Every structure is written in C-alpha cells, then in structure tokens.
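Notes for the one structure printed next.
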C-alpha cells in the first residue's frame with residue numbers, strides 16, 4: 001500500500017479509506033462496492049461511539065479495545081512549575097465588559113494587568129476525557145503508526161454527556 005505525499009508533522013502518513021479499499025480490491029475475489037463498504041464503516045463507528053458514550057469499553061477482534069477514559073490533567077511540569085489552565089475568553093470578556101462599563105473592546109484591550117478568568121472544569125470535577133484505542137494485545141504489524149481519531153460529532157457528543165447531569169461513569173487512567 002503506498003502512502004500519499006503531503007502531510008508533515010507528528011504523523012506523516014496520509015492514508016485514507018480509499019487506500020485501504022484499493023488494497024482490499026487487490027486481495028479479494030468478490031469485493032463489496034466502495035459505497036456499501038463506507039456505509040458499513042459509518043454504521044460500525046456510530047454503534048461503537050454510542051456504546052463508548054454510554055461508558056462501555058468495546059472489544060473488536062483483531063483491532064483491540066475502544067473506550068473513553070477520564071484523566072486529571074497535569075498541574076505541574078517536569079521542573080515543578082505550576083501549569084496554568086487555559087484562559088476562558090468568553091467569561092473573561094463578559095467580566096471585563098462588566099467591570100469596565102462604557103469602554104469599547106479596543107479600549108479594554110489597551111488596559112494593562114487585567115484579571116483573566118481560566119477554565120475550572122467544575123462540571124467534570126477537574127477531569128478531562130479522551131477516546132482511547134488499546135491495541136497492546138493485538139497482533140497487528142506496524143500498529144504504532146496508526147491512531148484512532150473519532151469524528152468531530154462524537155467529540156461534541158462527549159462534551160454534551162460530560163456537561164449534562166448523567167450517571168455515566170468513565171474509567172480513569
């Protein structure tokens with residue numbers, strides 16, 4: 001299977017489903033049409049993601065385990081310095097407009113030493129969540145090259161689940 005040229009960065013391969021389908025066509029006697037294969041893949045990923053969003057860990061033979069895990073982000077770097085959480089610009093601008101009434105946004109940006117509000121993650125008790133693909137027990141050649149990256153819609157659904165008051169409990173790392 002040839003990889004496409006172009007991507008530069010941490011993961012330098014640009015392998016798409018069409019590349020896998022070409023490999024599949026070359027190695028199967030009666031192949032399934034690409035459009036049907038994509039529908040099967042989308043249905044599989046939808047079912048897989050739905051189960052993960054319900055707090056389940058899903059095992060697929062020859063691929064490994066897929067789940068969502070909670071983790072507490074690092075508070076200190078390797079030198080012992082405190083890592084500040086990211087700035088919550090929406091809340092910060094609301095706060096600045098409230099304490100500096102009558103000033104425009106341009107005038108507010110010129111003010112030095114303003115208080116900045118940061119994300120607190122109160123809705124998740126400080127935990128952050130991520131999709132995990134555990135492939136350690138899978139005999140897949142070159143498995144270190146591959147990465148599981150869920151579609152954006154499932155990341156948004158995860159955010160909704162975390163922000164809602166549900167009883168779903170995710171394993172912690």
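The values are calculated or read from the model by the stated rules, or taken from the named source; none is laboratory data. It should be emphasised that the depicted structure is a prediction, and the values quoted were computed from it without experimental measurement. When we count neighbours, we look across all protein chains shown, and the Cβ atoms used for this are built from the backbone with ideal geometry, even at glycine.
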Residue ID - modelled with the lowest pLDDT, chosen from residues in the stretch 39-51 that are in contact with a helix residue (DSSP H, G or I) (Cβ under 9 Å, 6 or more places away or on another chain) and loosely packed, with under 14 Cβ neighbours inside 10 Å: 41
Among the residues of the stretch 125-155, which ones are within 16 Å of residue 55 (Cα to Cα) and touching a strand residue (DSSP E or B) at 6+ places or on another chain (Cβ under 7 Å)? 127, 128, 129, 130, 131, 132, 133, 134, 150
Picked from the stretch 156-172 (must be in contact with a strand residue (DSSP E or B) (Cβ under 8 Å, 6 or more places away or on another chain) and surrounded by 12 or more Cβ atoms within 10 Å (Cβ to Cβ)), the residue farthest from residue 42 (Cα to Cα) is 171
So residue 93 passes all but one of these: (1) over 19 Å from the mean Cα position of the chain (by Cα); (2) assigned to a loop (DSSP other than H, G, I, E, B); (3) without any contact (Cβ under 8 Å) to a residue 24 or more places away in the chain; (4) surrounded by 12 or more Cβ atoms within 10 Å (Cβ to Cβ). Which condition number does it fail? (2)
Check residue 155 against each of (1) farther than 15 Å from residue 64 by Cα; (2) modelled with pLDDT of 85 or more; (3) touching a helix residue (DSSP H, G or I) at 6+ places or on another chain (Cβ under 9 Å) and name the one condition it does not meet. (3)
Per-region count, the stretch 65-77, residues modelled with pLDDT under 90 and outside any loop (DSSP other than H, G, I, E, B): 1
When only residues in the stretch 52-64 that are surrounded by 15 or more Cβ atoms within 10 Å (Cβ to Cβ) and in contact with a strand residue (DSSP E or B) (Cβ under 6 Å, 6 or more places away or on another chain) count, which is nearest to residue 157 (Cα to Cα)? 52
Identify, please: which residue in the stretch 123-142 is exposed (fewer than 14 other Cβ atoms within 10 Å of the Cβ) and farther than 23 Å from residue 83 by Cβ and is, among those, modelled with the highest pLDDT? 136
